[in-house]
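K.L.:
Quick one: the structure is below, questions incoming.
Each reported figure results from applying straightforward, stated rules to the coordinates on display, with no laboratory input. Everything numeric in this text was worked out from a predicted model, so none of it was measured. Positions of Cβ are backbone-derived with ideal geometry, glycine not excepted, and every protein chain shown enters the neighbour counts.
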Amino acid sequence: MSLIRVRNVKKQYKNGVTALYDVDLDINKGEFVFVIGSTGCGKSTLIKMLYREEKPTSGSINVGGVEVAKLRNGKVYKVRRKIGVVFQDFKLLNRANVYENVAFALEIFGLPKTEIHARVLKVLDLVGLKNKARHYPTELSGGEQQRVAIARAIINEPKLLLCDEPTGNLDKTTSMEIMNVLLEINKLGTTIIMVTHDTGIVAKLNKRVILLDAGRVLKDYVEGEYKHEVL
Amino acid sequence: MKFFRILGRNIRDSFRSVFRNFALSMASISCITITLIVVAVAIILSYNVNSFATNVEKDVTIVTFLDVDITPEEKDDVEDQINNLDYIETYRYESKTQIAEEMMKSSEVFTNIMKDWDEKDSPIQSTFLVKVTNIDLIGEVAQKISAIENVSAVKYGEGMVEQLVSVFEIIKKVSIGTVIALILVTAFLISNTIKITIFSRKREIEIMRLVGASNINIKIPFIFEGLFLGILGAIIPIIATVYGYLSLYKQFSGQLFSPFIKLISPEPFVFLISGVLIVIGIAVGMFGSWRAVRKHLNI
């Protein structure tokens with residue numbers, strides 16, 4: 001049973017640029033998928049359409065049984081609650097500390113304080129930041145900030161975690177640390193789709209790889225296949 | 001419970017936001033304060049003018065002078081005709097003897113002149129004092145009375161009453177106009193404050209959307225912020241109204257310049273105005289922020 005089903009998706013922006021042509025994709029529950037390709041090949045557009053930041057011009061996108069392409073703006077939050085998103089620039093609130101940044105995602109749903117506390121500490125433990133809960137983002141390294149962003153993305157226990165170049169701003173060692181956190185989350189059953197330029201990481205991790213080129217799926221490598229081809 | 005927790009969080013965030021954008025909030029609060037002070041002055045003025053006008057209207061009387069040599073039968077006839085007219089509230093008869101007695105009571109000069117007059121010699125005319133139900137129709141009624149046989153003249157302060165009524169109308173209209181204009185300006189200013197708040201919180205809004213906050217969830221804190229600005233802006237005007245009007249009332253012992261112009265008693269008047277001010281403050285604040293949210297929060 002696939003968690004994501006993309007059929008004949010085309011995306012043309014208002015300025016006339018076509019980002020994606022006739023994309024078909026199936027991603028199963030629990031998979032870890034890399035999406036790679038050169039700049040402007042449509043990677044980010046694809047991710048944006050999965051969490052319904054963008055709407056496809058034509059075609060259908062089904063995420064966890066919800067037809068996201070047809071979702072009205074007012075109902076988008078329903079699908080967002082099932083999806084976690086992580087970005088290259090972390091998107092943290094600098095005036096709030098680590099704990100508050102993560103708790104923020106639960107507070108807006110009106111959860112009791114005790115439950116928020118327990119869940120935030122649990123997830124901070126998972127990303128290895130339990131001892132920095134009272135620090136502010138500006139006091140953290142890039143890798144630590146990204147881990148806060150990951151903690152916030154998974155606090156609602158989403159079925160799907162979308163990562164848009166999460167290691168783009170980080171050095172190799174830190175990138176690997178982040179990858180280890182993501183692999184850990186994947187092991188717990190969360191499906192992960194990660195857009196990246198870092199082919200070194202992709203080759204190392206032996207996961208499914210979707211290669212996009214000029215808005216089309218050029219190749220869909222099964223686990224291990226990409227490494228084999230690159231090496 | 002969940003609802004109250006979300007509400008609590010929204011209120012907390014809105015309150016924080018008021019102080020985070022302190023300079024901007026102060027601009028809006030000052031604007032609301034000034035508007036509400038003007039509103040308070042306008043209300044105090046127009047209510048007092050209204051009450052004064054009502055008192056004046058109550059006191060305006062048509063004095064109907066009867067012919068000097070009128071017979072009792074003719075007097076009864078005039079009384080019947082007045083009684084049959086429309087818009088008559090009350091009327092009272094004063095005979096020439098009664099009038100003479102009253103005049104003599106008021107001054108010795110009158111007593112010296114009038115003491116020897118008897119009923120027939122007296123040049124004083126008996127009168128009917130007529131009050132009408134509607135001050136606007138006083139001219140019409142006076143005209144009808146003057147047309148009655150054996151009525152020699154009618155007096156009701158012609159011209160003066162009409163002028164007074166029209167001055168009251170102008171004061172009322174000007175104060176209502178000023179209040180409406182000021183309210184609109186304030187709503188616009190609040191709308192601007194909230195617009196800047198929205199821009200300064202773009203990142204937060206983006207994150208809220210990402211983690212699945214509903215539109216209402218995102219919009220409500222801004223509406224609350226407008227509400228707080230309204231309440232904070234109403235504090236000074238309320239204090240100024242309560243203490244200002246109380247001390248004004250005491251200073252002038254409840255009347256302005258003459259016993260003729262009575263001020264409205266401060267209680268419950270000032271509390272009613274305070275209520276009106278806070279309601280206007282909240283309404284203007286919420287309307288302003290709702291306008292900004294609708295225009296600038298495209299989600």
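K.L.:
When chain B is treated as a GNM, springs tying every alpha-carbon pair under 10 Å, which of B:Ile176, B:Ile70, B:Ile194 comes out with the largest mean-square fluctuation?
P.N.:
Of B:Ile176, B:Ile70, B:Ile194, the most mobile in the Gaussian network model is B:Ile70.
K.L.:
Go ahead and run the numbers for FRET between A:Asn8 and A:Thr199, Cβ-Cβ distance against an R0 of 25 Å, rounding to 0.05.
P.N.:
0.30
K.L.:
Further, regarding this structure: Would you kindly calculate the translational diffusion coefficient of chain B, applying Stokes-Einstein with the Kirkwood radius from alpha carbon pairs, for 20 °C and a viscosity of 1.002 mPa s, and quote it in µm² s⁻¹ without decimals?
P.N.:
Working: Rh = 24.4 Å.
The diffusion coefficient I find is 88 µm²/s.
K.L.:
In nm, what is the difference between 0.36 nm times the number of residues separating B:Ala283 and B:Val109 and their Cα-Cα distance?
P.N.:
Net length gain for the segment: 56.2 nm.
K.L.:
Return the Rg/Rh value of chain A, two decimal places, where both radii are evaluated on C-alpha atoms and Rh is the Kirkwood radius.
P.N.:
My calculation puts Rg/Rh at 0.96.
K.L.:
Rank the residues B:Trp290, B:Trp117 as a footprinting-exposure proxy: fewest other Cβ atoms within 10 Å of their Cβ go first.
P.N.:
By the 10 Å Cβ count, ascending, the order reads B:Trp117, B:Trp290.
K.L.:
Which whole-Hz ³J(HN,Hα) couplings does segment A:57-67 yield from phi under the Karplus relation 6.51 cos²θ - 1.76 cosθ + 1.60, θ = phi - 60°, glycine and proline marked x?
P.N.:
6, 8, x, 10, 10, 10, 10, x, x, 9, 7
K.L.:
To continue, here is another question. Given a Förster radius of 25 Å and the C-beta distance between A:Glu67 and A:Lys219 as r, what FRET efficiency does 1/(1 + (r/R0)^6) yield to the nearest 0.05?
P.N.:
Computed FRET efficiency for A:Glu67 and A:Lys219: 0.35.
K.L.:
Now for a separate question. Specify the angular offset, from 0 to 90 degrees and rounded to the nearest 10, of the alpha carbon long axis of helix A:142-154 from the longest principal axis of the alpha carbons in chain A.
P.N.:
80 degrees
K.L.:
Using a cut-off of 25 Å between alpha-carbon atoms, which lysines can reach B:Lys173, once sequence neighbours fewer than 8 places away in the same chain are excluded?
P.N.:
B:Lys58, B:Lys262
K.L.:
Oh, and also: Would you calculate, for chain B, the mean residue ellipticity at 222 nm contributed by helices, counting each DSSP H stretch of 4 or more residues as -39,500 (n - 2.57) and dividing by all residues, to the nearest 500?
P.N.:
About -25000 deg cm²/dmol.
K.L.:
Using only DSSP helix segments of four residues or longer, with each worth -39500 (n - 2.57), what per-residue ellipticity at 222 nm results for chain A after dividing by its residue count and rounding to 500?
P.N.:
Result for chain A, helices only: -10000 deg cm²/dmol.
K.L.:
How high is the FRET efficiency from B:Met26 to B:Leu272, r the C-beta distance, R0 35 Å, rounded to 0.05? Each step should come with its number before you reach the end.
P.N.:
Values: r = 28 Å, r/R0 = 0.81.
That pair, B:Met26 with B:Leu272, gives E of 0.80.
K.L.:
Continuing with the same structure: Which entries of B:Lys115/B:Lys155; B:Lys75/B:Lys131; A:Lys10/A:Lys82; A:Lys10/A:Lys48 have Cα-Cα distances beyond 21 Å here?
P.N.:
B:Lys115/B:Lys155; A:Lys10/A:Lys82
K.L.:
Follow-up question, since we're still on this one. Among A:Phe87, B:Phe168, B:Phe222, B:Phe4, what is the fewest-to-most ranking by other Cβ atoms within 10 Å? Please report the intermediate quantities before stating the final value.
P.N.:
On the way: A:Phe87 21, B:Phe168 18, B:Phe222 26, B:Phe4 9.
Ordered by Cβ neighbours within 10 Å, fewest first: B:Phe4, B:Phe168, A:Phe87, B:Phe222.
K.L.:
For A:Lys70, give me every one of the aspartates and glutamates with a C-alpha distance below 12 angstrom, ignoring sequence neighbours fewer than eight places off in its own chain.
P.N.:
A:Glu54
K.L.:
Here's a follow-up. Of all DSSP beta bridges in the protein assembly as shown, what percent run antiparallel (nearest 5)?
P.N.:
65 percent
K.L.:
In a GNM of chain B with a 10 Å cut-off on Cα contacts, which of B:Tyr93, B:Tyr47, B:Tyr249 has the highest mean-square fluctuation?
P.N.:
B:Tyr93
K.L.:
Also, quick follow-up: Computed over the Cα atoms of segment B:86-206, what is the ratio Rg over Rh, Rh following Kirkwood? Present the calculation step by step, with values, prior to reporting the outcome.
P.N.:
Details: Rg = 29.9 Å, Rh = 20.4 Å.
Using only Cα positions, Rg/Rh for segment B:86-206 is 1.47.
K.L.:
Once phi is turned into θ = phi - 60°, what whole-Hz ³J(HN,Hα) does the Karplus curve with 6.51, -1.76 and 1.60 give for every residue of segment B:20-29, x standing for Gly and Pro?
P.N.:
5, 9, 4, 4, 5, 4, 4, 4, 5, 4
K.L.:
Springs between alpha-carbon pairs under 10 angstrom, Gaussian network model over chain B: which of B:Thr241, B:Thr97, B:Thr193 fluctuates most?
P.N.:
Comparing B:Thr241, B:Thr97, B:Thr193 in the GNM, the peak value goes to B:Thr97.
K.L.:
What is the packing order of peptides A:68-80, B:74-86, taking the mean over residues of other C-beta atoms within 10 Å and listing the highest first?
P.N.:
Averaged packing, sorted descending, gives the order A:68-80, B:74-86.
K.L.:
While we're on this one: Quick one: divide the alpha-carbon radius of gyration of the protein assembly as shown by 2.2 N^0.38 Å and tell me what you get.
P.N.:
1.71
K.L.:
For a 29 Å ceiling on Cα separation, which of these pairs sit above it: A:Lys132/B:Lys295; A:Lys11/A:Lys172; A:Lys91/A:Lys159?
P.N.:
Exceeds cut-off: A:Lys132/B:Lys295; A:Lys11/A:Lys172.
K.L.:
To continue, here is another question. Can you give me the distance in nm between label points at A:Ala118 and B:Asp69, each placed 7 Å from the Cα along the Cα-to-Cβ direction?
P.N.:
11.2 nm
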